[in-house]
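The values are calculated or read from the model by the stated rules, or taken from the named source; none is laboratory data. Please read all numbers here as calculations on a predicted model, not as lab measurements. A quick note on method: Cβ atoms are made from the backbone with ideal geometry, for glycine too, and the neighbour counts reach across all protein chains shown. Accessible surface is based on the protein model in full, side chains and every heavy atom, while ligands, DNA and RNA are left aside. Shrake-Rupley method; radii C 1.70, N 1.55, O 1.52, S 1.80 Å.
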Amino acid sequence: MMLVERWKQRGAGSRKKAVLILAGCLILAGASLTVYSKYYKTRYEKGMAIASGFYFCSNYMYEEEGLNDIEDIEELTRRSGGKLVHEDLVNRLMVAVSNKPWAAGNSYTFDVEVRNHINQLLYNDKDLNVAYMVEFTLLDGPDGADYSVGKTVNGADVGNDIPLNNGNTIKKASFQGTLEGGRLTWENYVLRVKLGSGQTADSYKPARVLMMAYPVEPAFLEDTKKIAGIIKAEYNITEMEITDQKFTIEDELKEDSWQERVKKESALVYQLKTTGNYFVQETDNMMQKIRIKWNPNIFSLNKNDRYLNHAEGTRLVEYDGDAGVMVIETAPYSSIKFVFFKKEDFDAEIQNMTLDEFKNTIQAEKVE
């Protein structure tokens, strides 16, 4: 009986110890899971991120397979026998090109952002401030232009532009920044391309600008995510061309019957078709002039013409109804139409005209 009671007491004590040990293990396990889940949240292992709680991206740089194995931009641009050692990787990087005209015809800028977010909702935690390096260099020899990169603070230049070339000598520009966690954060770098002194668009050949960014702190983020991209400043000019101009009924006019056809019209519509590779947004510094000339003996411009009355996006520069001349400034439109009313002597004036002569009674031209 005594042996049984001692066994029960010993068993109860062991069970209590087992419960206490188990509880302790669970507490430690819970703490460990919290710590390690936080750690592995951004931990790099075997070439891939364990989880997606760390955000590091750009508007011009992206992840690419094999990039995490590259130490820095110097390794990425290392050459052997005149060829890039990592040419295959470089060729897989996304290339962005200029899509607007050059300012004053001789310079172009790209705003390159490094971000801690991928959208309005997904950004780094407040306890994850990320220090990073971003590097720029040229992949090709500069030909006819000077390249430089600077950092902006609150949208303003801080006067720290670093040249990427000195003549034909290629340099590297490096910046260190910090992305504060807990909110949407980004830092901006301005890449400038400017035609060299005495250079023209004809002598300019765009060089590819390589960019690479990667986190350096906290230490556990090293080699976790490297992003890169290429920018190419293709030359675009603020150019607009008149590709077509004619009366809207011109295709209906025949050599032997055009006079009877136009006499039936109370007014004639003249249409211009233009093309251009730029747009105007809250500014008119890229607008170009078009001069419209007509024979004032047979036509008068509609007094309610939208261009004559300062239509939105245009500006009237000159108008002389008696001389049959109007100059407007406008951006490229798919079509521009003018309504011309016939004067009293219209029938008599066209009586001895050929069809080609009639077509030339209204003409449009670009004003340089």
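Would a scan of segment 47-64 turn up a residue that is open to solvent by 80 Å² or more (accessible area, probe 1.4 Å) and at pLDDT 90 or above?
Yes, there is a match, as at least one residue in segment 47-64 is open to solvent by 80 Å² or more (accessible area, probe 1.4 Å) and at pLDDT 90 or above.
Tell me whether segment 162-172 contains one or more residues that are farther than 17 Å from residue 141 by Cα, in contact with a Leu (Cβ under 8 Å, 6 or more places away or on another chain) and not charged (D, E, K, R).
no
Where residues in segment 274-299 are outside any loop (DSSP other than H, G, I, E, B) and surrounded by fewer than 16 Cβ atoms within 10 Å (Cβ to Cβ), which of them is modelled with the highest pLDDT?
Looking at the filtered set, the residue picked out is 291.
What is the number of the single condition among (1) at pLDDT 95 or above; (2) in a loop (DSSP other than H, G, I, E, B); (3) open to solvent by 70 Å² or more (accessible area, probe 1.4 Å); (4) not basic (Lys, Arg) that residue 341 does not meet?
Just one mismatch for residue 341, condition (2).
Please verify whether residue 348 is at pLDDT 90 or above and either closer than 20 Å to residue 247 by Cβ or open to solvent by less than 10 Å² (accessible area, probe 1.4 Å) (or both), treating the condition exactly as stated.
In short, yes.
Based on this model, can you work out whether residue 84 counts as hydrophobic (A, V, I, L, M, F, W, C) and within 25 Å of the chain's Cα centre (by Cα)?
No.
Please specify each residue of segment 318-338 satisfying the condition of being open to solvent by 70 Å² or more (accessible area, probe 1.4 Å) and assigned to a strand (DSSP E or B).
Matches in segment 318-338: 318, 319, 337.
Return yes or no: is residue 245 over 30 Å from residue 172 (Cβ atoms) and either of a type in the set (Val, Ile, Thr) or modelled with pLDDT under 95 (or both)?
yes
What number of residues in segment 228-253 are open to solvent by 60 Å² or more (accessible area, probe 1.4 Å) and without any contact (Cβ under 8 Å) to a residue 60 or more places away in the chain?
Going through segment 228-253 one residue at a time, the tally reaches 3.
Please enumerate the residues belonging to segment 92-128 that are more than 22 Å from residue 150 (Cα to Cα) and open to solvent by less than 20 Å² (accessible area, probe 1.4 Å).
Listed by number, the residues that qualify are 93, 124, 128.
Please go through segment 139-161 and give me each residue that is part of a strand (DSSP E or B) and either at pLDDT below 85 or more than 19 Å from residue 211 (Cβ to Cβ) (or both), ordered by number.
143, 153, 156, 157
Look at residue 126 and say whether it is among the charged types (D, E, K, R), in contact with a Phe, Trp or Tyr (Cβ under 9 Å, 6 or more places away or on another chain) and in a loop (DSSP other than H, G, I, E, B).
It is false that residue 126 is among the charged types (D, E, K, R), in contact with a Phe, Trp or Tyr (Cβ under 9 Å, 6 or more places away or on another chain) and in a loop (DSSP other than H, G, I, E, B).
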